[in-house]
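Working notes for the structure below.
The values are calculated or read from the model by the stated rules, or taken from the named source; none is laboratory data. All values reported here derive from a predicted model rather than from experimental measurement. Neighbour counts are summed over all protein chains in view; Cβ atoms, including those assigned to glycine, are modelled from backbone coordinates with ideal geometry. In case anyone asks, the SASA skips ligands and DNA or RNA and just uses the protein heavy atoms, side chains included. Shrake-Rupley method; radii C 1.70, N 1.55, O 1.52, S 1.80 Å.
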Amino acid sequence: MRHNSSATHVLRQPLSPRPAAGLWWGLLGVAAFSFTVPFTRVAVAGLSPLFIGSGRAVVAAVLAAAALAVTRQRLPRGTQWARVAVVAGGVVAGFPLLTSFALTSVPASHGAVVIALLPAATATMAVLRGHERPPTTFWAMTGVGAVAAIAFASVQSGGIGQLHLADALLFGAVVAAAIGYAEGGTLARELGAWQTVSWALVLAAPVMASMAALSVAGQPPSASPAQWAAFAYLGVVSMFLGFFAWYRGLAIGPMARVSQVQLVQPVLSICWAGLILGETLGWSTIIGGAAVVLLAGLAVRSRPSPRAPRRTSPQSAFLTPHSEGDDRLVHTRTLRRQP
């Protein structure tokens, strides 16, 4: 007598065998994000940072809830809710709020240079979460890049060791976003790219709506049309549409390679700061930005790519896509045991 049993688990693999697809999706997301710092700087000139950081999440949550309802997406299950909460804490609450408060007192170009640490920070979080053992070069380049960013911020703040509160907020924003990106990139392979950020927005909506209401009660918003337009961009594009492309790129992967595309984001942000805000780009900004971007790139490139999964024979394994257009791949293996 033979006993048959089956086991099903989710494969944490890239969604596509074509890495170029992930890179192009990632680049589209980065292009959308590159306007975030300059437009936040525009918005804080007329709106409170608390209203900007929370209100943009509320705007995006309304769009996300509508998209989820119209397409009838299934709810996350079990521990996926906890992972959605991690994404929400990092990219829905942490990064927007911290950068909004920071950019009330520092130029957009300054913020863009500090945030240039984000690719290396994202790769670091992915390494820690995946229990990888990268070479010493990875940690060396990541550490030197962090020191370069801190040195730049100190010099810009009036001397070595003279960091402002805004710089601490920016470094906190980098850590928060890196955690959200790393977790979101893996979760997007199970829930789907846009579904991941949408559920994160919906989950955080009650808290963010309460914070926005508190901000309005304390300081009723009063801004120019340009400032409201910048706020609208932050809510619709930076908090919603941009993540469609970004998480799609990370999900297609490989994540370590797609995260390198983010290296162009601070360069673009600094350019937009000069063109849109008329900020003067001094040599310290140019050299500091180039150094941080270079070191972050070396750190990301030195991280080894994850090993390819072992292939199985057609008789013992087969791949089937999940229903309702989900991006996941479910690996079903039938095990046969002799009595």
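Residue count for the stretch 211-236 satisfying the condition of being open to solvent by less than 70 Å² (accessible area, probe 1.4 Å) and of a type in the set (S, T, N, Q): 3. Scanning the stretch 32-53 for residues that are within 24 Å of GLY249 (Cα to Cα), outside any helix (DSSP H, G or I) and modelled with pLDDT of 90 or more yields a single hit, PHE35. The single condition among (1) over 19 Å from GLY235 (Cβ atoms); (2) surrounded by 17 or more Cβ atoms within 10 Å (Cβ to Cβ) that ALA82 does not satisfy is (2).
Applying the condition of being open to solvent by less than 20 Å² (accessible area, probe 1.4 Å) and small (Gly, Ala, Ser) to the stretch 186-210 and asking which residue is nearest to VAL70 (Cα to Cα) yields SER198. Looking only at the stretch 238-252, residues that are open to solvent by 30 Å² or more (accessible area, probe 1.4 Å) and modelled with pLDDT of 85 or more come to 1 in all.
Hey, does the stretch 54-67 have a residue that's under 30 Å from ALA273 (Cβ atoms), assigned to a loop (DSSP other than H, G, I, E, B) and either more than 20 Å from the chain's Cα centre (by Cα) or modelled with pLDDT of 80 or more (or both)? Checked against the condition, which is being under 30 Å from ALA273 (Cβ atoms), assigned to a loop (DSSP other than H, G, I, E, B) and either more than 20 Å from the chain's Cα centre (by Cα) or modelled with pLDDT of 80 or more (or both), the stretch 54-67 yields no hits at all.
If a residue has to be closer than 16 Å to GLY184 by Cβ and touching a helix residue (DSSP H, G or I) at 6+ places or on another chain (Cβ under 9 Å) to count, how many in the stretch 74-116 make the cut?
Our first condition is that a residue be closer than 16 Å to GLY184 by Cβ; within the stretch 74-116, this holds for 76, 79-96.
Still in the list and also touching a helix residue (DSSP H, G or I) at 6+ places or on another chain (Cβ under 9 Å): 76, 80-81, 83-96.
The number of residues fulfilling the criteria is 17.
Mind listing whichever residues of the stretch 206-217 are within 9 Å of PHE51 (Cβ to Cβ) and small (Gly, Ala, Ser)? ALA212, SER215 - these are the residues of the stretch 206-217 that are within 9 Å of PHE51 (Cβ to Cβ) and small (Gly, Ala, Ser).
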